[in-house]
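Student: Pasting a structure below so you can have a look.
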Amino acid sequence: MGTRKKQKLGLALSSGGVLGYAHIGVLRALEELHVEIDLFSGASMGAVVAVFNAAGLDSRALEDLSVKYAAQVAMLLASVISVSGLTTPWRLRASLHKALPVTVFEALQKPVCIAATNVQTGRAVVFDSGDIWGPLSGSFCLPGVFPVAKFGDQYLLDGGMSLPVPVTELQKRGATSVIAVSLYDPLQEEEYKPSLNIPKLLERSLNLMLNNIARPELERADLVIQPDLKNCVPSDVHEYVVRGYDAAMNRKAEIEALLA
């Protein structure tokens with residue numbers, strides 16, 4: 001009689017800036033459902049949430065940490081100013097670095113791989129061993145907000161530009177099932193009108209671009225959770241968390257079926 005292959009559940013968390021607070025709500029739902037995640041992947045804010053969770057911060061601690069820096073993050077993402085004269089991004093990076101309780105991937109409680117983008121080639125670079133802060137700071141390096149991150153001989157930008165939701169990377173690492181959390185849904189954006197102002201048009205354009213880049217990876221996931229984030233306010237962390245929680249709980253039966 002053959003032995004049954006052990007199930008390994010992977011969780012892929014997409015990039016998405018402040019929308020990434022919704023990932024915390026998904027984690028809270030999984031905690032309540034007693035769903036054990038075996039390995040994580042992420043890009044940009046998804047990478048930050050994945051790493052901190054795998055380092056031992058549960059959803060409550062993650063929400064507290066997010067609330068602490070919410071106003072600063074919202075200000076950065078809403079600003080269109082010269083980074084060369086801005087010290088706040090450096091302070092935010094330093095604060096997050098200090099809050100991270102581990103220094104190397106091997107010290108995490110669960111395996112994590114995170115995606116960043118090589119500035120020179122434009123290709124995704126995936127990290128899962130050695131120093132954790134260099135790759136992580138590159139993964140959430142949104143152009144125009146954070147200075148480009150240098151790690152070894154590479155210069156890194158936001159992982160959302162090349163691999164916004166790393167599903168395949170989890171499968172390569174042995175995941176038998178993958179839940180992906182996608183924060184891109186063009187239908188959730190304000191309906192397009194010719195009179196749409198430039199900031200709203202840019203926001204919609206970015207959403208469309210990320211959704212298209214992410215589609216091949218999302219199609220490989222066993223389950224995709226897409227929180228409804230319409231009308232959320234960037235500084236209201238709790239509302240994003242609630243939306244993520246509700247989205248996951250609405251898929252409770254499908255989540256449980258993956259574990260059967």
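The values are calculated or read from the model by the stated rules, or taken from the named source; none is laboratory data. Please read these numbers as outputs of a predicted model, since none were measured by experiment. No Cβ is skipped: glycine too gets one built from the backbone with ideal geometry, and neighbour counts run over all protein chains shown. With ligands, DNA and RNA removed, areas are computed over all heavy atoms of the protein, side chains included. Shrake-Rupley method; radii C 1.70, N 1.55, O 1.52, S 1.80 Å.
Student: Give the share of C-alpha pairs in each 10 angstrom bin for the stretch 1-66, from 0 to the last occupied bin, in whole percents, shortest bins first.
Tutor: 21, 53, 17, 7, 3, 0
Student: Given an 8 Å cut-off on Cα distances and at least 6 residues of separation, report the relative contact order of the chain as a percent.
Tutor: Details: 512 pairs, mean separation 72.0, N = 260.
About 28 percent, as a whole number.
Student: If you take the Cα atoms of the chain, find Rg, then find the Kirkwood Rh from the mean of 1/r over all pairs, what is Rg/Rh?
Tutor: Expressed as Rg/Rh, it is 0.95.
Student: Moving on. Which value in nm describes the separation of the simple spin-label points at D58 and A257, placed 7 Å from the Cα toward the beta carbon?
Tutor: About 2.9 nm separates the two model spin labels.
Student: Ignoring GluC sites (Glu not before Pro) that are buried or in helix or strand per DSSP, and keeping those with at most 14 other beta carbon atoms within 10 Å, what is the longest stretch of the chain between them?
Tutor: Values: sites that count: E36, E190, E191, E219.
Segment 37-189 is the longest.
Student: Hey, another quick one. Can I get the semi-axes of the stretch 91-156's equivalent ellipsoid? Compute them from the C-alpha gyration tensor as square roots of 5 times the eigenvalues, in angstrom, largest first.
Tutor: Here the semi-axes work out to 19, 16, 9 Å.
Student: Oh, and also: Given the pairs K110/K252; K150/K252; K8/K98, which are separated by over 29 angstrom at their Cα positions?
Tutor: The pairs that break the limit, which is 29 Å between Cα atoms, are K150/K252; K8/K98.
Student: Something else about it: Within the accessible area of the stretch 85-144, what % is carbon and sulfur when the probe is 1.4 Å and the other protein chains stay in place?
Tutor: 55 percent
Student: What residue among P143, P164, P227 has the largest mean-square fluctuation in a Gaussian network model of the chain, using Cα springs under 10 Å?
Tutor: Result: P143 has the largest fluctuation of those listed.
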